[in-house]
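Trainee: One structure is given below, represented as structure tokens, and several questions about it will come after.
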């Protein structure tokens, strides 16, 4: 629960902020593109499908990587440097079981919840810009979402979010666990964890998208 | 109980341990000394299986642990506790939670029994009432005490101490040593300590082993160790021109030409570095060479004494006015 609170709850603000502005800019860009074809009414479906299929899982996972992933690496890395992990070993307590497993579970549970929040906030952000600012019909906006979004889009997004949660937790814990015994080592480990997690999220997104489509 | 046979270990291409043969006596306090970088901490970690040797065997009782891992290794580790150099307290837990940690995680203990045992250990190490504090709020000495309480709470058979007094001021270091000795005498565990605190370790240790060039150069009782004739070892333990002497140094007996002698205040005669150590048997004679170059200029007064050897011999004498001493010993320097 403590790890779920750390990874999930404490990342909510940054996820909401990111989602809101992502939805808003998506609506802004989408409106002007669709207007060329006289299809402003499809703005809602464009925003929703983009959010649910791609932007929600990827951007939410990237935000969790930056906020919680780097902190996980630093926490475990400092424990390695100050021999706290060795202390667990000497107490006959498996450090992987005690330290890493809860973080993996929290990542797998927490990231999908954050992605769901991201999708909802992003769609409402798009509505704020499209309907209130740009004059798209509110009925058209929400009706286009209802007709375009299918269940396979939703569980595809969930599958991606679970995978990304696992990637973030595993990579960041691994980098912390095998930190070199120095301040420079810890700094490198934290940077490498964030970069590697981000790259793997993007690569994983492509792989999963090609499988799901 | 702990036995290393032909242990070899290379780290980063550098041979560290090059054939260690060492037996740790049961129920005794054994200190491992050696120059910095010799591999003392590496040796200690082999005893509890935190490192595996490239060659050789590590026996704990009748179990060879060098190739063990997982549950079989954890079963052996249940006999152990370790006090790390930095105490290795868990930063996110209070002192109380740190000390309670092995009870809750290993023994799955719950309820008021946990609190009772934790408070008892905190009181024994002089941290009563400090359970609510976090490691960041503690001084170095307090962290070591909390680490010791955590090590003791499971009542282990073997405790390993990795430089327990490093980074502490001399008074705090002495209090930690005193605490370790007190706990050792009370609970009778087998203790293995890595330390640089020479000559203090000779006062608290039953056995001393020196690591040199990847091998055990010498292992002996504390008293025998100090009588070694190995020049390198003797130089190492005589850093600063002083040698640890069991007993209390209270003064110097000055011999006169008419054969009479009297105990003088050590401060007026020859100055040697003072330290107070536990008393030893009066019947045990000790002879130790004192480097006269380290004596103060006032030692020239001793030149009026009859010529004799430069050996120092302990003998019974009434207590002198030497400040801070509780012993009934004095030293006689007889020149040769």
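Trainee: Which of the residues that make up the stretch B:72-96 are at the interface with another protein chain (Cβ under 9 Å from one of its Cβ atoms) and farther than 21 Å from residue B:143 by Cβ?
Mentor: Passing the criteria: B:73, B:74, B:75, B:76, B:77, B:78.
Trainee: Please report, ordered by residue number, the helices (runs of 4 or more DSSP H) entirely within the stretch B:49-166 with at least 2 residues that are outside the structural domain of residue B:188 (by TED's automatic domain parsing).
Mentor: Helices (runs of 4 or more DSSP H) meeting the threshold: none at all.
Trainee: Can you give me the ranges of the helices (runs of 4 or more DSSP H) entirely in the stretch A:18-102 with at least 2 residues that are touching a residue at least 24 places away in the same chain (Cβ under 8 Å) and under 19 Å from residue A:169 (Cβ atoms)?
Mentor: Where helices (runs of 4 or more DSSP H) fall fully within the stretch A:18-102 and carry at least 2 residues being touching a residue at least 24 places away in the same chain (Cβ under 8 Å) and under 19 Å from residue A:169 (Cβ atoms), they are A:56-64, A:70-81.
Trainee: Looking at B:211, B:218, which is the one that is more than 25 Å from residue B:106 (Cα to Cα), free of Cβ contacts under 8 Å to residues at least 40 places away in the same chain, in contact with a strand residue (DSSP E or B) (Cβ under 6 Å, 6 or more places away or on another chain) and in a strand (DSSP E or B)?
Mentor: B:218
Trainee: Now for a separate question. Which pairs have Cβ atoms under 8 Å, sit 6 or more apart or on different chains, and link a residue in the stretch A:123-144 that is crowded, with 19+ Cβ neighbours inside 10 Å to one that is outside any helix (DSSP H, G or I)?
Mentor: A:130/A:136; A:131/A:137
Trainee: Working carefully through the options A:38, A:8, A:23, A:77, find the one that is over 17 Å from the mean Cα position of the chain (by Cα) and surrounded by 18 or more Cβ atoms within 10 Å (Cβ to Cβ).
Mentor: Step by step, each of A:38, A:8, A:23, A:77 is checked, and only A:77 is over 17 Å from the mean Cα position of the chain (by Cα) and surrounded by 18 or more Cβ atoms within 10 Å (Cβ to Cβ).
Trainee: For residue B:128, work out the one condition from (1) loosely packed, with under 14 Cβ neighbours inside 10 Å; (2) within 26 Å of residue A:76 (Cα to Cα); (3) more than 14 Å from every other protein chain (Cβ to nearest Cβ) it doesn't fulfil.
Mentor: For residue B:128, the exception is condition (2).
Trainee: So which residues in the stretch A:145-203 are surrounded by fewer than 21 Cβ atoms within 10 Å (Cβ to Cβ) and not in a helix (DSSP H, G or I), if there are any at all?
Mentor: Selection gives A:149, A:150, A:178, A:180, A:181, A:182.
Let's see how each residue does on (1) under 30 Å from residue B:236 (Cα atoms); (2) surrounded by fewer than 17 Cβ atoms within 10 Å (Cβ to Cβ):
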position	(1), (2)
B:155	no, yes
B:177	yes, no
B:182	yes, yes
B:186	no, yes
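Trainee: Taking residue B:42 as meeting all but one of (1) more than 10 Å from residue B:211 (Cβ to Cβ); (2) free of Cβ contacts under 8 Å to residues at least 40 places away in the same chain, write down the number of the exception.
Mentor: (1)
Trainee: Here's another thing I want to ask about it. How many residues does the stretch B:97-106 hold that are more than 18 Å from residue A:2 (Cβ to Cβ) and more than 9 Å from chain A (Cβ to nearest Cβ)?
Mentor: 2
Trainee: What is the number of the single condition among (1) under 22 Å from residue A:52 (Cα atoms); (2) surrounded by fewer than 17 Cβ atoms within 10 Å (Cβ to Cβ) that residue A:101 does not meet?
Mentor: (1)
Trainee: Continuing with the same structure: I need the full set of residues from the stretch A:72-103 which are touching a strand residue (DSSP E or B) at 6+ places or on another chain (Cβ under 6 Å) and more than 10 Å from every other protein chain (Cβ to nearest Cβ), in order please.
Mentor: The answer is none; no residue qualifies.
Trainee: Still on this structure, I have one more. Just checking, does the stretch A:119-135 include any residue being under 30 Å from residue A:23 (Cα atoms) and not in a helix (DSSP H, G or I)?
Mentor: yes
The values are calculated or read from the model by the stated rules, or taken from the named source; none is laboratory data. Here the structure is a predicted model, which is why all the values come from computation and not from measurement. Ideal geometry is used to build each Cβ from the backbone, glycine not excepted, and the neighbour counts take in all protein chains shown.
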